[in-house]
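Every number here is computed from the coordinates shown, using simple stated rules; none is lab data. Just so you know, these numbers come straight off a predicted model, no measurement behind them. A quick note on method: Cβ atoms are made from the backbone with ideal geometry, for glycine too, and the neighbour counts reach across all protein chains shown.
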Amino acid sequence: MSLFAPVMYFSFGFIVAFLFPRLPIIMITRGKGFNTSFPEHPFPIPLSPKLTQRVLHMRMIYWMGFVVATIPLLFGLVSIKWGNSAFGFGLWLSSGWFILSRLQTFVGGPKPPWTLTMAQRLQTVMDETKSDSSCCTYPQPEWQILTVSCSTCGKVLDKIPRPDLGRKRMDGFFVGSFRLLLTDGYPTVSDHGDELENLQDSEE
Ligand SMILES: [Zn+2]
């Protein structure tokens, strides 16, 4: 008996379950109407309540992927028992791996690309620029690739590398989506590894 067909079924199941839980992040918010209040990717985004809200939305969609992953996991188990077992095993292994890697967050693994703490830090920067201790007379804080900085005086206000923020990516839908699959939404350039550590979500 040939091994070719089972290997194909397995790979197909694996790929389907790989893509499935990641689709929400790729699809939701990429439309034009969702991003009218933000400059186009990859330009810096001025800090605003809308931006803070976007970080929280991305965080919600990220955890939604966790729930979505249980669908191929269950379907995989059903398929192993009553359907094509190679296909089912591919589904099951891939979504199980996804769920396990996300669960690592709770035992000191990598933090999600979007956290509550991140949103709170953006809010703190905004509050500070409106207070007496602001960096200059007309502060305009914006989120650049590696930092939140004032575009008027250039002062670095917080060192938070910018994750993907759901904007339509400049490299187009397919290349952009592929890049998202590879990075999972994390900042593509980051030399603030220690800073990322501080973004741990204490309530999760
Ligand atoms: Zn300034």
*Which ³J(HN,Hα) values in Hz, rounded to whole numbers, follow from the phi angles of region 55-70 under the Karplus curve 6.51 cos²θ - 1.76 cosθ + 1.60, where θ = phi - 60° and Gly and Pro get x?*
4, 5, 5, 4, 5, 5, 5, 4, 6, 5, x, 4, 5, 4, 5, 6
_In region 1-99, if the dipole is taken from +1 on Lys/Arg beta carbons and -1 on Asp/Glu beta carbons about the Cα centre, which of 51, 87, 31 is farthest to the positive end?_
51
*Specify whether the C-alpha gyration tensor of region 103-194 places it in the rounded, prolate or oblate class, a ≥ b ≥ c being the square roots of the eigenvalues: rounded for a/c under 1.5, otherwise prolate if a/b is larger than b/c and oblate if not.*
oblate
_Cα-Cα over 19 Å, subset of 50/130; 32/111; 111/159; 111/168; 32/168_ = 32/111; 111/168
*When only Cα pairs under 8 Å and 6 or more residues apart are kept, what is the percent relative contact order across region 106-194?*
23
*Among 175-185, 161-171, what's the highest-first ranking by average C-beta atoms within 10 angstrom per residue?*
161-171, 175-185
*Kirkwood estimate for region 86-129, i.e. one over the average of 1/r between Cα atoms, Å*: 13.0
*How would you rank 27, 126, 118, going from fewest to most other Cβ atoms within 10 Å of each one's own Cβ?*
27, 126, 118
_Mean Cβ neighbour count within 10 Å, used as a protection proxy, ranking 56-67, 102-113 highest first_ = 56-67, 102-113
*Dipole magnitude (debye, nearest 20) for the chain, charges at Cβ of Lys, Arg, Asp, Glu*: 740
*Where the centroid of each part is defined by its Cα atoms, how far is region 51-113 from region 24-45 in Å?*
24
_Can you tell me the length gained on complete extension of the stretch residue 144 to residue 57, counting 0.36 nm per residue apart and subtracting the Cα distance?_
29.4 nm
*asked:* What distance in nm lies between label points placed 7 Å from Cα along the C-beta direction at residue 40 and residue 74?
replied: 4.3
*Can you tell me the relative contact order of region 4-197? Whole percent, Cα pairs under 8 Å, sequence separation 6 or more.*
26
*For residue 50 paired with residue 15, estimate the spin-label separation in nm (one decimal), with each label point 7 Å from Cα along the Cα-to-Cβ line.*
3.8
*asked:* Please compute the length gained on full extension between residue 101 and residue 8, using 0.36 nm multiplied by the number of residues separating them and subtracting their Cα-Cα distance.
replied: 31.0 nm
*Residue exposure sequence - 48, 133 - by fewest surrounding Cβ within 10 Å*: 133, 48
